[in-house]
Amino acid sequence: QVQLVESGGGSVQAGGSLRLSCAASGRTFTLYAVGWFRQAPGKEREFVAALSWSDINTYYADSVKGRFTISRDNAKNTAYLQMNSLKPEDTAVYFCAVARQWIATSTYEYDYWGQGTQVTVSS
């Protein structure tokens, strides 16, 4: 079992930045791929970014490439999503998740999820 708790969400103006954190407890964090997803009202949950369990590979959705960065501090059992140049269309609830595989980009591949944190970007 892995428990995940996101934090760092909030309200910002377009062009601003936020850093989301995902604190993990339970099993060894380093053996899981980490992913961030988001869900806007009335829309399906969508992939944002993923980091392989070796921290070697990263994948990003085209909509966030060059603006968002996923990372992990294994000593702190915490993953991060640095979000820069935020746009109103980035408004959503952001979820972190872990998968018992090298890397994953689909929701069904992830085994454990956090409760989500709200990000609101105003124009």
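The values are calculated or read from the model by the stated rules, or taken from the named source; none is laboratory data. From a predicted model like this one, the values you see are computed outputs, not experimental measurements. Note: ideal-geometry Cβ built from the backbone for every residue, glycine included; neighbour counts use all protein chains shown. The accessibility values were calculated without ligands, DNA or RNA, using every heavy atom of the protein model including side chains. Shrake-Rupley method; radii C 1.70, N 1.55, O 1.52, S 1.80 Å.
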(request) Using 0.36 nm per residue of separation minus the Cα-Cα distance, give me the extension gain between Glu44 and Thr69 in nm, one decimal. (result) 6.8 nm
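Calculate what fraction, in whole %, of the accessible area of the chain sits on carbon and sulfur atoms when a 1.4 Å probe is rolled over the protein chains. Present the calculation step by step, with values, prior to reporting the outcome.
Working: 2880 of 6110 Å².
Whole-percent figure for carbon plus sulfur exposure: 47.
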(request) Quote the accessible area belonging to Val12 in square angstrom, nearest 10, computed with a 1.4 Å probe and with ligands, DNA and RNA left uncounted. (result) 30
(request) State the antiparallel share, in %, of DSSP beta bridges confined to the chain, rounding to the nearest 5. (result) 90
(request) Please work out the Cα center distance from region 18-36 to region 55-123, rounded to the nearest Å. (result) 10
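Tell me the GluC sites (Glu not before Pro) within region 25-100 that lie in a loop according to DSSP and have at most 15 other beta-carbon atoms within 10 Å.
Values: sites: Glu44, Glu46, Glu89; in loops: Glu44.
Hits after loop and neighbour filter: Glu44.
When ligands, DNA and RNA are left out and all protein chains stay put, how many square angstrom of accessible area per residue does the chain have with a 1.4 Å probe?
50
With N set to the residue count of region 30-71, report its C-alpha Rg divided by 2.2 N^0.38 Å to two decimal places. Working shown, then result.
Details: Rg = 11.2 Å, N = 42, 2.2 N^0.38 = 9.1 Å.
Cα Rg divided by the expected 2.2 N^0.38 Å: 1.23.
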(message) Assuming 0.36 nm per residue, please report the length gained on full extension of the stretch Asn57 to Thr28 beyond their Cα-Cα distance.
(response) 8.6 nm
(request) Pull out the extension gain between Thr120 and Asn84, defined as 0.36 nm times the separation in residues minus the alpha carbon to alpha carbon distance; nm, one decimal. (result) 11.6 nm
